[in-house]
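Just below is one structure, and these are the notes that go with it.
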Amino acid sequence: MAFPYRGYNFTAMKTQTQISSVTEHACDALIVNLFEGVTTPGGATGAVDKALGGLISQLIAQEKFEGKLGKTLLIHSQGKIPAARVVLVGLGKSQDFTLEAVRRASAAAIRKAREARAASVSSISHGARIGGLEPASAAQATVEGALIASYEFTKYKSKPDNAAIESFTLISNDPAEVEKLERGARKGQIVAEAVNEARDLINTPASDVYPEMLAGYAEALAHEAGLGARVLDREECERMGMGAFLAVAKGSERPPRFIVLKHTVEGAKKTVAIVGKGVTFDTGGYCIKTAESMFTMKDDMSGAAAVLAAMRAVGRLKPGVNVMGIVAATENMISGSAYRPGDVVRAMNGKTIEIENTDAEGRVTLSDALSYAASEGADEIIDLATLTGACVVALGRRISGLFCNNDALRARLMEASDTSGDLLWDMPLLADYFEQIESKVADMKNTGGREAGATTAALLLQEFVDAKPWAHIDIAGPAFVSKDNGLVSYGGTGAGVRLLIEYLTRGQ
Ligand code: BES
Ligand code: MN
Ligand code: ZN
């Protein structure tokens with residue numbers, strides 16, 4: 001089956017690196033920056049200020065521009081330099097400066113340029129020279145911020161809300177730096193395109209993103225990115241013994257698909273499995289959700305979207321580890337054939353789960369996806385899932401819960417979180433709480449009450465990883481936002497994509 005699926009328009013944006021002097025560079029909008037508290041700009045900003053006859057310093061004083069992170073000032077250059085306008089963006093306090101600050105500054109600046117209807121936008125790399133950041137990383141973060149913030153989901157709009165930016169050029173006047181900037185910018189572009197691709201999959205309604213579609217999408221992706229692909233249909237899943245995943249799928253008219261993508265490297269030291277919750281719509285089943293809480297449940301495949309998008313980036317960046325991307329894709333619907341409270345299901349590893357609540361379906365589908373990963377020789381398993389409302393209550397929309405059974409894996413993920421800006425908070429996998437999910441009739445039940453709801457969900461998942469090093473990342477909060485989070489303003493965020501790519505490509 002062919003899926004002519006391409007909704008995103010960000011690839012139309014040409015991204016490049018160029019050696020050029022800020023005062024001689026032609027574009028519609030030129031982005032320069034200022035640390036908080038600086039009144040006399042230096043560096044590239046200083047050079048532009050001088051060429052504009054001190055206009056920037058004057059405006060800083062008049063407009064009380066303090067350089068707070070993400071605050072912007074639009075300046076018309078009145079023919080004094082070839083750039084038609086200058087966007088001055090605040091970097092915040094120099095002592096708080098991080099790669100995430102670079103992304104946010106870059107994001108705020110490009111939005112300002114878009115408001116001013118600039119088609120060609122150029123920017124210096126924030127913090128490469130003055131902020132003490134490694135130049136390639138600074139360039140990467142500058143490009144990530146710009147491309148993530150200029151994404152727009154336009155597929156279902158008769159006309160887009162904003163004019164599209166046609167090109168984004170990273171400029172530097174230092175030829176010695178260009179190789180590093182180019183390398184960083186290329187990686188930034190790959191990461192940002194993966195983030196935006198995940199957002200497109202999440203934002204597309206469940207009428208158009210359903211298990212077969214995701215499978216077709218994954219196969220096309222594998223073909224384009226040079227990955228191996230295997231898709232199991234209902235009968236094949238049955239033969240594999242995936243009774244848990246298939247129980248959730250029973251209520252839907254749309255057949256389930258179990259998707260596996262593979263990046264294989266000769267002589268690789270380990271195989272990392274990345275597993276994404278792929279519930280393309282979650283009604284709650286017979287334990288039906290309220291209208292309000294169901295409205296955004298097209299986002300319940302955000303983990304799957306992150307895994308698929310990260311797999312495309314893996315195909316492009318070719319890390320030296322084997323990577324297996326796994327998605328058990330299904331809807332959670334209501335019908336005469338749907339699973340019921342009280343049903344007992346058996347997962348691929350033989351363990352049984354009593355269904356106490358059909359709305360706790362994510363963990364049921366993941367039990368088979370994790371069993372599969374463990375049985376297929378994964379040395380490490382990382383799952384991403386919009387798993388629990390409890391995690392949203394605990395941590396909000398900015399930070400995901402990390403549940404990990406291995407100290408070394410946890411430490412590496414925390415480092416990757418720091419670099420990538422995908423925030424994680426270490427949460428407890430307290431074995432004592434397993435008693436909350438003890439069942440009278442099966443090995444466990446799929447809910448454990450309100451207390452520590454994110455932990456009891458994770459404890460259930462742990463039963464299916466065969467004691468391998470494993471991390472569960474509950475992205476229920478950060479996966480979808482209704483207001484600006486510094487990079488994304490509404491909709492699917494691509495949470496976890498940057499983290500996965502950073503983790504898988506670290507040290508190369
Ligand atoms: N997909 C939801 C979790 C969710 C909630 C994601 C809010 C994003 C925002 C999941 O399948 C679910 O319904 N979980 C239930 C579990 C409960 C019945 C034990 C929940 O958290 O309410
Ligand atoms: Mn649910
Ligand atoms: Zn769900």
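What follows draws every value from the coordinates through simple rules; no lab data is involved. Predicted model only: the values in this text are computed from it and were never measured. Reconstructed Cβ throughout: ideal geometry from the backbone, glycine too, with neighbour counts over all protein chains shown.
Label points 7 Å out from Cα along the Cβ direction at residue 269 and residue 134: separation in nm?
Label at residue 269, label at residue 134, 1.7 nm between them.
How long is the stretch 334-423 along each principal axis, judged by its Cα atoms, biggest number first, in Å?
48, 34, 18
What lysines sit close enough to residue 483 to cross-link, taking a C-alpha to C-alpha distance under 26 Å and skipping anything fewer than 8 places away on the same chain?
68, 71, 93, 112, 155, 157, 159, 277, 289, 298
Relative contact order (percent) for the chain, with alpha-carbon contacts under 8 angstrom and 6 or more residues of separation?
Relative contact order comes out at 14 percent.
Counting alpha carbon pairs within less than 8 Å and at least 6 residues apart, what relative contact order, in whole percent, applies to the stretch 14-173?
RCO, the stretch 14-173: 30 percent.
What is the calculated FRET efficiency for residue 415 to residue 376, with r their C-beta to C-beta distance and R₀ = 30 Å, to the nearest 0.05?
Plugging the Cβ-Cβ distance into 1/(1 + (r/R0)^6) gives 0.65.
Roughly speaking, what is the stretch gain from residue 233 to residue 207, that is 0.36 nm per residue apart minus the C-alpha to C-alpha distance, in nm to one decimal?
Between residue 233 and residue 207, full extension yields 7.4 nm more.
At q = 0.13, 0.16, 0.19 Å⁻¹, what base-10 log of I(q)/I(0) does the Debye formula yield for the stretch 403-465 when every alpha carbon is treated as an equal point scatterer in vacuo?
Reported log10 I(q)/I(0), two decimals: -0.42, -0.59, -0.75.
What is the spin-label model distance, in nm, from residue 482 to residue 337 if the labels are put 7 Å beyond Cα along the C-beta direction?
For the pair residue 482/residue 337, the computed spacing is 3.5 nm.
How would you rank 430, 201, 424, going from fewest to most other Cβ atoms within 10 Å of each one's own Cβ?
Arranged by neighbour count, lowest to highest, 430, 201, 424 become 430, 424, 201.
Treating the angle as unsigned and between 0 and 90°, give the value, to the nearest 10°, between the Cα long axis of helix 407-420 and the longest Cα principal axis of the chain.
With rounding to tens, the tilt is 40 degrees.
Hey, what D do you get for the stretch 200-505 in µm²/s if you plug the Kirkwood alpha-carbon radius into Stokes-Einstein at 25 °C and 0.890 mPa s?
131
Give the calculated FRET efficiency between residue 506 and residue 344 to the nearest 0.05, with a Förster radius of 45 Å applied to their Cβ-Cβ distance.
0.60
Along Cα→Cβ, 7 Å out, is where each label goes; now give me the distance between the ones at residue 408 and residue 357 in nm to one decimal.
About 3.7 nm separates the two model spin labels.
What is the extension gain from residue 162 to residue 223, computed as 0.36 nm multiplied by their sequence separation minus the C-alpha to C-alpha distance, in nm to one decimal?
This chain segment gains 18.7 nm when fully extended.
Could you calculate the FRET efficiency of residue 290 with residue 39 from 1/(1 + (r/R0)^6), where r is the beta carbon distance between them and R0 is 45 Å, rounded to 0.05?
So, using R0 = 45 Å, E works out to roughly 0.25.
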